[in-house]
Protein chains: 2
Amino acid sequence: MIHVTIKDVAKRLNVSVSTVSRAFNDKYDIKKDTKELILKTAKEMGYHPNPIAKKLSQNKSFNIGVVIPEFMNSYYSEIVIVLQEFFISKGYQVLLMQSDENEEQELKNVKTLINNMVDGLIIAPTVGYRNRPYFIEKYNEGYPIVFLNRIDETLPASKVIFNNVKWSFFATEHLIRQKYKKIYHLSGYNNLCVSSERIEGYKKAMNKHKFPKENYKIIETGLLAEEGMEVIEDLIFHHDIPDAFFCVNDMVALGAMKKLKDNGFKIPDDVALVGFTETRIAKLVTPELSSVRQPTHDMAKKAGEILLNRINNPDSETETIVFNGEFNIRKSSVRDFSIPPI
Amino acid sequence: MIHVTIKDVAKRLNVSVSTVSRAFNDKYDIKKDTKELILKTAKEMGYHPNPIAKKLSQNKSFNIGVVIPEFMNSYYSEIVIVLQEFFISKGYQVLLMQSDENEEQELKNVKTLINNMVDGLIIAPTVGYRNRPYFIEKYNEGYPIVFLNRIDETLPASKVIFNNVKWSFFATEHLIRQKYKKIYHLSGYNNLCVSSERIEGYKKAMNKHKFPKENYKIIETGLLAEEGMEVIEDLIFHHDIPDAFFCVNDMVALGAMKKLKDNGFKIPDDVALVGFTETRIAKLVTPELSSVRQPTHDMAKKAGEILLNRINNPDSETETIVFNGEFNIRKSSVRDFSIPPI
DNA sequence: ACCGTTTCCGAAACCGTTTCCGAAAACCGA
DNA sequence: TCGGTTTTCGGAAACGGTTTCGGAAACGGT
């Protein structure tokens, strides 16, 4: 239990602490023999460098702050796993905080992390735009930050995002090709940029195919299954069920699907459904849910790389990486398999 | 960007650094006036104590290591959220690592955390028993560790666990009461203690009601939906579908449900299903899945409290807390609503 | 006015590293 | 052999706090 320090090793070998330190950090001049001897006896003695002392003397925390909006969808879990692995392998630790889709919580999280002297931040913002100015201020002060998903392309900062417009356009157009005539969009939150972008893609497709006004509608829902359910209940009450829904995410789609099935609607014959940001549950429900898959793994890794680069090279360029996905068409949106899907 | 230190504050007020330090740590003698003055000007100057320096001088990292087996089921996400919140509020940071159900990875995780000088560990072990001796060794050396879920009651260490035997007994007996005559158990991993315990509960119920051998069977599956699906395929191939399944978790149950439905089985009329460790998806599938809910939130919080207590009070007693749950009966296992469920 | 407490504060050691500076040692070519 | 480089290493300051120790100041009672 007693911690053996660099001094103990130095004393044992009658060398100075600086020499021992050098043995552990290649970058300084040290004879190969002594280096090996030191490493060997250090190992025998059970010496491990104290990371805290290292942090203090190097004025670096070797900590990365990661702020995510929520944890319940597997999307962010996966991102966290990738980031953890990436940063650990580079000698950093990840401090994770989640904001529970709450702007105040998010601000607190970021401030906590900055006070804890993280060397950099990866932020997947929560719903709302209130904290934007603060983030940008920090970014402009030179604080290494990479934004991930949930941020619009125009933000003047490094970011890794998904091409929501394009893929929601595809998803919507797929429904149109399948000859659904009345297609509603369950859109998440109005003050959430991924919602806006998915709305834009939806509108683009609907306009391209000249859908009349009464056949399309955008309904704000939130991001949870329960909210999808509520909307369907409401629509049923008003006898306003269209023949297809394009949903902001899988959870809302699954909530909607459940309520529709419970009320006797056949899917996809009466009503079709398409989700977004594919979860593993998409393939577990009946019928299986069509959804747009995001390259979560690659997006997270890229964000890590950009951040690390910025930390080690403070005046590196601002980078914006836009990822593309994959539209997985399943039974929930295919009434007629003879039609080419896209 | 320039960091203002305790010395700057001291110089500005012509006091010593020790006085400033005292102002920030109540425990030492300091006049109320000077304390307030110091805090005020410190704030004006934008001073924040450097947590790294504090860690070094106090020989504490104020870090807690949390090791979980996986991240894809919402169960551990929820646990992580609770632990994060709890420890942050106590001035600690959480270092999270996940083992991907891999023993070697788990050992690496724990060692990494110990080398990083975490003040304590919360471990939800992965599948397998190989790392047990190492954990116990550390525990006996006095390292503060609390085990969470996935550990058997006999382990001589502090732990927070769920009464799997009892609740899987209930779940199984519920199926029996519903007059299902041939009930199979999809059991997870043989070298996973929660599996063993759930098997035990299942057996207890089956034996109590004197089920003949041919009407029960335990099938090892793993913990993923895909594995549930594979087992069903296999059983269909061998014309060996029983009229009920009690499953080790919701994911396996959902995989099984999907495959059964795809093959024309009606649920719960032809086959009933019960899951465990309820996920939010249980209510999204058709029919809704019966499952045992665990008090995840309370379990995590308790684990945090025990650990903190042990850190601050090294010779506190070993504690074992066994939690109970709640059996949520839904349509997937109720053929006849006139029968009292339990 | 004096002495014993109590309150408050400064000096300095310490936590375990890294790193700058300079010096000793080794090496090299003429 | 000698002067100049290059290696290799030790000493000590620095990182930014906490904490022990002891002494000055304030206080309170006689």
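Against the definition (on the phi < 0 side of the Ramachandran plot and free of Cβ contacts under 8 Å to residues at least 60 places away in the same chain), how does A:Asp262 come out, yes or no?
Numbers: on the phi < 0 side of the Ramachandran plot: yes; free of Cβ contacts under 8 Å to residues at least 60 places away in the same chain: yes.
The answer is yes for A:Asp262.
Consider A:Asn14 against the criteria (1) more than 9 Å from DNA strand C (Cβ to nearest atom); (2) in contact (Cβ under 8 Å) with a residue 40 or more places away in the chain: it satisfies all of them except one. Which criterion is unmet?
Tallying (1) more than 9 Å from DNA strand C (Cβ to nearest atom); (2) in contact (Cβ under 8 Å) with a residue 40 or more places away in the chain, A:Asn14 fails exactly one: (2).
Go through the stretch A:139-181 and report how many residues are without any contact (Cβ under 8 Å) to a residue 12 or more places away in the chain and part of a helix (DSSP H, G or I).
So in the stretch A:139-181, the residues without any contact (Cβ under 8 Å) to a residue 12 or more places away in the chain come out as A:140-141, A:154.
When the remaining residues are screened for being part of a helix (DSSP H, G or I), the result is A:140.
Matching residues across the stretch A:139-181 total 1.
So, B:Val248, is that one hydrophobic (A, V, I, L, M, F, W, C) and touching a Leu at 6+ places or on another chain (Cβ under 7 Å) or not?
On the way: hydrophobic (A, V, I, L, M, F, W, C): yes; touching a Leu at 6+ places or on another chain (Cβ under 7 Å): yes.
When the stated conditions are applied, B:Val248 passes them.
Which of the residues that make up the stretch A:231-264 are surrounded by fewer than 17 Cβ atoms within 10 Å (Cβ to Cβ), within 25 Å of A:Gly201 (Cβ to Cβ) and within 14 Å of chain B (Cβ to nearest Cβ)?
Of everything in the stretch A:231-264, nothing turns out to be surrounded by fewer than 17 Cβ atoms within 10 Å (Cβ to Cβ), within 25 Å of A:Gly201 (Cβ to Cβ) and within 14 Å of chain B (Cβ to nearest Cβ).
For the stretch A:199-217: of the residues being within 24 Å of A:Asp270 (Cβ to Cβ) and in contact with a helix residue (DSSP H, G or I) (Cβ under 6 Å, 6 or more places away or on another chain), which is surrounded by the most Cβ atoms within 10 Å (Cβ to Cβ)?
A:Tyr202
Hey, can you tell me all the residues within the stretch B:299-342 that are part of a loop (DSSP other than H, G, I, E, B) and among the charged types (D, E, K, R)?
Result: B:Asp315, B:Glu317, B:Glu319, B:Arg330, B:Arg335, B:Asp336.
Out of the stretch A:21-59, which residues are under 30 Å from A:Gly120 (Cβ atoms), touching a residue at least 12 places away in the same chain (Cβ under 8 Å) and within 10 Å of DNA strand D (Cβ to nearest atom)?
Hits for the stretch A:21-59 are A:Ser21, A:Arg22, A:Ala23.
May I ask you to verify whether B:Val9 is away from every other protein chain (no Cβ under 14 Å) and more than 8 Å from DNA strand C (Cβ to nearest atom)?
yes
For a quick check of your reading: which helices (runs of 4 or more DSSP H) sit entirely within the stretch B:28-124 and have at least 2 residues that are more than 16 Å from A:Asn116 (Cβ to Cβ), more than 16 Å from DNA strand C (Cβ to nearest atom) and within 12 Å of another protein chain (Cβ to nearest Cβ)? So that I can check it myself, show each step before the final result.
Details: elements: B:32-44, B:51-58, B:74-89, B:103-115.
Qualifying helices (runs of 4 or more DSSP H): B:74-89, B:103-115.
With the condition kept exactly as written, say whether any residue in the stretch A:320-328 is more than 13 Å from every other protein chain (Cβ to nearest Cβ), out of contact with any strand residue (DSSP E or B) (no Cβ under 6 Å at 6 or more places or on another chain), at pLDDT 95 or above and crowded, with 17+ Cβ neighbours inside 10 Å.
Within the stretch A:320-328, not a single residue is more than 13 Å from every other protein chain (Cβ to nearest Cβ), out of contact with any strand residue (DSSP E or B) (no Cβ under 6 Å at 6 or more places or on another chain), at pLDDT 95 or above and crowded, with 17+ Cβ neighbours inside 10 Å.
Is it the case, given these coordinates, that B:Glu278 is in contact with a strand residue (DSSP E or B) (Cβ under 6 Å, 6 or more places away or on another chain), closer than 20 Å to B:Glu78 by Cβ and charged (D, E, K, R)?
In short, yes.
A:Leu273 - would you say it is under 20 Å from A:Ile151 (Cα atoms) and either surrounded by 24 or more Cβ atoms within 10 Å (Cβ to Cβ) or not β-branched (Val, Ile, Thr) (or both)?
No; evaluated as a whole, the condition is false for this residue.
For the stretch A:60-96, how many residues meet the condition of being surrounded by fewer than 20 Cβ atoms within 10 Å (Cβ to Cβ), without any contact (Cβ under 8 Å) to a residue 24 or more places away in the chain and under 21 Å from B:Tyr92 (Cα atoms)?
Residues meeting the conditions: 1.
If A:Thr286 satisfies every condition in (1) closer than 28 Å to A:Glu153 by Cα; (2) outside the structural domain of A:Pro144 (by TED's automatic domain parsing); (3) among the hydroxyl-bearing types (Ser, Thr, Tyr) but one, which is the exception?
Here A:Thr286 clears every test but (1).
Can you tell which of B:Leu289, B:Leu284 is within 10 Å of another protein chain (Cβ to nearest Cβ) and in contact with a Leu (Cβ under 9 Å, 6 or more places away or on another chain)?
Answer to the check: B:Leu284.
Of all residues in the stretch B:6-20 being of a type in the set (Gly, Ala, Ser) and either part of a helix (DSSP H, G or I) or surrounded by 17 or more Cβ atoms within 10 Å (Cβ to Cβ) (or both), which is farthest from DNA strand D (Cβ to nearest atom)?
B:Ala10
Which condition from (1) farther than 23 Å from A:Gly142 by Cα; (2) without any contact (Cβ under 8 Å) to a residue 60 or more places away in the chain is the one that A:Lys111 breaks?
Of (1) farther than 23 Å from A:Gly142 by Cα; (2) without any contact (Cβ under 8 Å) to a residue 60 or more places away in the chain, only one is false for A:Lys111: (1).
When the stretch A:166-201 is examined, which residues are found to be closer than 23 Å to A:Glu101 by Cβ and among the hydrophobic types (A, V, I, L, M, F, W, C)?
Within the stretch A:166-201, A:Trp167, A:Leu186, A:Leu192, A:Cys193, A:Val194, A:Ile199 qualify.
The values are calculated or read from the model by the stated rules, or taken from the named source; none is laboratory data. From a predicted model like this one, the values you see are computed outputs, not experimental measurements. Please note: Cβ atoms are built from the backbone with ideal geometry, for glycine as well, and neighbour counts cover all protein chains shown.
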